[in-house]
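The values are calculated or read from the model by the stated rules, or taken from the named source; none is laboratory data. What you are looking at is a predicted structure, and each value in this text was computed from that prediction instead of being measured. Don't worry about glycine lacking a Cβ; one is built from the backbone with ideal geometry, like all the others, and counts go over all protein chains shown. These area figures cover heavy atoms from the full protein model, side chains too; ligands, DNA and RNA do not enter into them. Shrake-Rupley method; radii C 1.70, N 1.55, O 1.52, S 1.80 Å.
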Amino acid sequence: MADPLLFNPSTYDPAHFDPETRRLLRATVDWFEARGKRRLVEDYRSRAWLGDFLDFAAKESLFATFLTPASASDGEDRRWDTARIAALNEILGFYGLDYWYAWQVTILGLGPVWQSDNAAARSRAAQLLSEGEVFAFGLSEKAHGADIYSTDMLLEPDGDGGFRATGSKYYIGNGNAAGLVSVFGRRTDVEGPDGYVFFAADSRHPAYHLVQNVVDSSKYVSEFRLDGYPVGPDDVLHTGRAAFDAALNTVNVGKFNLCTASIGICEHAMYEAVTHASNRILYGRPVTAFPHVRRELADAYVRLVGMKLFSDRAVDYFRSAGPDDRRYLLFNPMTKMKVTTEGEKVIDLMWDVIAAKGFEKDTYFAQAAVEIRSLPKLEGTVHVNLALILKFMRNHLLEPADYAPVGTRLDAADDAFLFRQGPARGLGSVRFHDWRPAYDAYAGVPNVARFREQADALCDFVAHAAPGEEQARDLDFLLSVGQLFALVVHGQLILEQARLTDLDEDVLDELFSVLVRDFSAHAVELHGKDSATGEQQAWALAAVRRPVVDTARAARIWQRVEALSGAYGTAR
């Protein structure tokens, strides 16, 4: 029997979506299953371009249906629906991150277009999507990375109301094939933020020069150069501060996708790992008979379930966002930073079990072990997102506000606010609902109660032992605090989703035993920081807790893990 908490292609039926979404998701799964594991692994090893997949997506109008906002479409099934976008992220991650990447950078490339008031550019983008084209996001540069303050893409006025753009972009996915590339630059005749410009370019134009693929992968992560590229009024997407905001708001939309891609990778790898370990005989016993193996696989399983619960709940806040509810601005970097780093832990735990098998060329695990590393590093590093999360800590922990309850958002609605987020500032004013009721609802679950003690201790830290003025400039110290805060938010949304889905309390208890250990580990790390004061060191040690041990509960969780052996797999 398939585990209802994990994606399994053999039993997948997204009946909670509308008929067309359900058809497209199932058709995508069927396309990959028909292709077979051997072909998918070989395409990954040979770095084959994804032409066959993009042909399938074009034939089914997959990208056009999922990525055209209702305001830019005349098709009733076309909308920007974060819930079904998340579902497709998981599927694409399950079969190979290269497929997800072509889709992901198309999302990024569309961000500045759908935020634009340029009707001609929006119409062109909708038409290109209908024709099966992919898109690209021309933001980062070799010398500056994603430091958009320092862009060297220069637009010189041509005297006829347009510009000639010259400069290079680096690390730009789909730059080899994009029908439209959203490119960030600055005017040569205007100083400061008023000179920023986002414009649309075509990778097939003679003034667009493809330099190279900067990675050794099927993912085409390009370096390209524009030499006097003509930019007319119909190509200009944003100017001035609006161009800067469009860049940041596009990343807000795009980085949400990394969590569910990470989940898909971990799910596929888990089926392989548990199946291998259960059938591997060592010293006369199956590998899974060893207690440390059971602990590692059980930890990996509950961490993966936690990733899914958090991400599913974050979708609801993302879809319910508006000018007066910007809670998504915390939960979004959480999905990008926390969920993806949890994915690394899940893979590492399983890799410790299957050891050399994880290197073998005919496994999915070999690519999972590589690709899982990329997700915490895309759309801003872990450190960048932790620093962003810290901006919300005091308001979230100590200053709750009243909000109407947010339910599960699986309705077939267009998430229009994502393309009118407004100025990318004012984070310190964002307020949150009280995090405590989510924990109170599960006060009877031993390890939830134990973790709640640690969460309350963090509130005391923020209120009475918060970083001083000098420590506020010590990012190394602050990041340790950020990890502790992230755990409290992680636990909160997990508990909210557990209540909405009636999650088995055994799974929840086992998951929170892991989170108790994580909080204790980060507290010990904070204790050892160079700049930690005596008061902070004492607090850190006092916050360490031992999880509540229950051998019967652990045995029941192991039964769930063991049942994954042979639950999915194909040798085709």
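Summary of computed values
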read-out	value
The range 35-93: mean projected area of Cα convex hull, nm²	4.8 nm²
Label-point gap, in nm, between residue 150 and residue 399 - each point 7 angstrom along Cα→Cβ	3.3 nm
Residues of type lysines that residue 361 reaches as a straight line, Cα spacing below 19 Å, ignoring anything fewer than 8 places off in the same chain	37, 219
Signed unit charges on C-beta, dipole axis of the chain, positive-most listed residue 53, 274, 300	274
Per-peptide average of other Cβ atoms within 10 Å, ordering 295-306, 545-556 highest first	295-306, 545-556
Mean-position separation - Cα centroids, the range 344-394 and the range 497-572, in angstrom	18 Å
Carbon + sulfur, % of accessible area of the range 299-446 - ligands and nucleic acids excluded, 1.4 Å	56 percent
Cβ-based charge dipole, the range 82-150, positive-most Cα from 101, 126, 86	126
Computed over the chain, the ratio Rg/Rh where both radii use C-alpha atoms and Rh is Kirkwood	0.97
Estimated 222 nm signal from helices in the chain, with DSSP H stretches of n ≥ 4 weighted -39500 (n - 2.57), rounded to 500	-16500 deg cm²/dmol
Fully extended contour minus Cα-Cα distance, from residue 456 to residue 207, at 0.36 nm per residue	83.7 nm
Å² per residue, accessible surface of the chain at 1.4 Å	38 Å²
Sulfur and carbon atoms: percent of accessible area, the range 57-168 [1.4 Å]	45 percent
Test item: Cα-centred dipole of the range 502-562, Lys/Arg +1 and Asp/Glu -1 on Cβ, debye	260 debye
Portion, in percent, of the accessible area of the range 447-553 that falls on carbon or sulfur, probe 1.4 Å	50 percent
Label point 7 Å beyond Cα of residue 411 along Cβ direction - residues of the range 12-51 with amide nitrogen under 20 Å	15-22
Loop trypsin sites (Lys or Arg not before Pro), the range 146-208, which have at most 11 other Cβ atoms in a 10 Å radius of their Cβ (DSSP)	204
Förster radius 30 Å - calculated FRET efficiency between residue 504 and residue 440, Cβ distance, rounded to 0.05	0.95
Most to least packed among 110-120, 497-507 [average Cβ atoms within 10 Å]	110-120, 497-507
Protection-proxy order for peptides 249-257, 45-53, each taking the mean of Cβ atoms within 10 Å per residue, highest first	249-257, 45-53
Inter-centroid distance (Cα atoms) of the range 462-494 relative to the range 211-258, Å	33 Å
Rounded to the nearest 20 debye, dipole of the chain from Cβ charges on Lys, Arg, Asp, Glu	1100 debye
